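Written below as structure tokens is the structure these notes are about.
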Amino acid sequence: MPCAPLRAPPPVLLKALAAGTLGGAATLPRLYLWQDRTDAVWFLAGMLGWCLFMLWGFVFAWEPIYGQAKPFTFHKSAKVWGILTLSGVAAAAVLHVGLDPTYRQMFPKEYPNDPEEWIAFTLFNLSHTDLFLCFAPMAFFARLIPNATWVMGLTIGFNLLVLGLKVSSGPDLSSALVIIALSV
């Protein structure tokens with residue numbers, strides 16, 4: 001007996017389309033700065049936009065059924081924003097002092113050289129990193145396993161796998177401390 005086709009409700013598709021379109025547009029500066037690209041910018045942006053649409057569709061379809069939480073929740077409390085801002089600045093300072101010198105030697109192309117590159121890298125990371133490393137894997141694992149602890153563990157495991165692939169693509173590490181710092 002054939003299965004019924006899967007259908008996404010229109011609100012999920014509209015949210016995914018909006019997020020994919022915004023994410024695709026946010027990738028344009030990084031794609032324009034990519035010197036040795038083999039395809040046209042419009043093609044690459046379209047492909048990334050399509051991939052973002054698919055991943056966001058997965059996340060937005062997951063959210064009401066499995067998550068019981070919105071992927072984007074904005075608190076109006078000034079205290080919450082203050083704590084988040086201070087935490088972000090403190091984490092950035094620790095990474096800048098403790099990790100960036102070593103990481104910059106390992107992967108010099110990962111660091112921008114001027115403000116234009118910094119903006120392009122930031123937009124690209126904002127539109128891709130959390131979606132690929134957090135939201136989409138969590139949505140995937142939540143559909144497979146009903147246990148929230150396992151879902152978190154598998155999502156963290158996926159992140160460590162991606163980190164391991166990234167580190168193994170670079171030069172040899174000088175110490176295990178770098179791997180520990182990168183995984184935190």
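The values are calculated or read from the model by the stated rules, or taken from the named source; none is laboratory data. This one's a predicted model, so the numbers in the text were calculated from it and none came from an experiment. Positions of Cβ are backbone-derived with ideal geometry, glycine not excepted, and every protein chain shown enters the neighbour counts. To get the accessible areas, we keep the full protein, side chains included, count just its heavy atoms, and leave off ligands, DNA and RNA. Shrake-Rupley method; radii C 1.70, N 1.55, O 1.52, S 1.80 Å.
When only residues in segment 74-88 that are surrounded by 10 or more Cβ atoms within 10 Å (Cβ to Cβ) and not hydroxyl-bearing (Ser, Thr, Tyr) count, which is nearest to Tyr111 (Cα to Cα)?
By that ranking, first place goes to Gly88.
Out of (1) closer than 28 Å to Ala45 by Cβ; (2) polar (S, T, N, Q); (3) open to solvent by less than 100 Å² (accessible area, probe 1.4 Å), the odd one out for Asn113 is which?
(3)
Answer with yes or no whether Gly67 is open to solvent by less than 60 Å² (accessible area, probe 1.4 Å), small (Gly, Ala, Ser) and modelled with pLDDT of 85 or more.
Answer is no for this residue.
Between a residue in segment 103-130 that is farther than 20 Å from Asp36 by Cβ and among the charged types (D, E, K, R) and any residue that is open to solvent by less than 50 Å² (accessible area, probe 1.4 Å) and assigned to a loop (DSSP other than H, G, I, E, B), which pairs come within a Cβ distance under 7 Å, given they are 6 or more apart or on different chains?
Arg104/Tyr111
Open to solvent by 50 Å² or more (accessible area, probe 1.4 Å), of a type in the set (Phe, Trp, Tyr), at pLDDT below 85 and assigned to a helix (DSSP H, G or I), is that true of Tyr32?
Answer is no for this residue.
The rows are residues; the columns are (1) modelled with pLDDT of 85 or more; (2) on the phi > 0 side of the Ramachandran plot; (3) small (Gly, Ala, Ser); (4) not in a helix (DSSP H, G or I).
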residue: Val80; (1), (2), (3), (4): no, no, no, no
residue: Gln105; (1), (2), (3), (4): no, no, no, no
residue: Glu116; (1), (2), (3), (4): yes, no, no, no
residue: Asp172; (1), (2), (3), (4): no, no, no, yes
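With respect to the numbered conditions (1) open to solvent by 80 Å² or more (accessible area, probe 1.4 Å); (2) at pLDDT below 90; (3) more than 14 Å from the chain's Cα centre (by Cα); (4) within 28 Å of Thr27 (Cα to Cα), which one is the sole condition not fulfilled by Leu126?
So Leu126 meets the others, but not (3).
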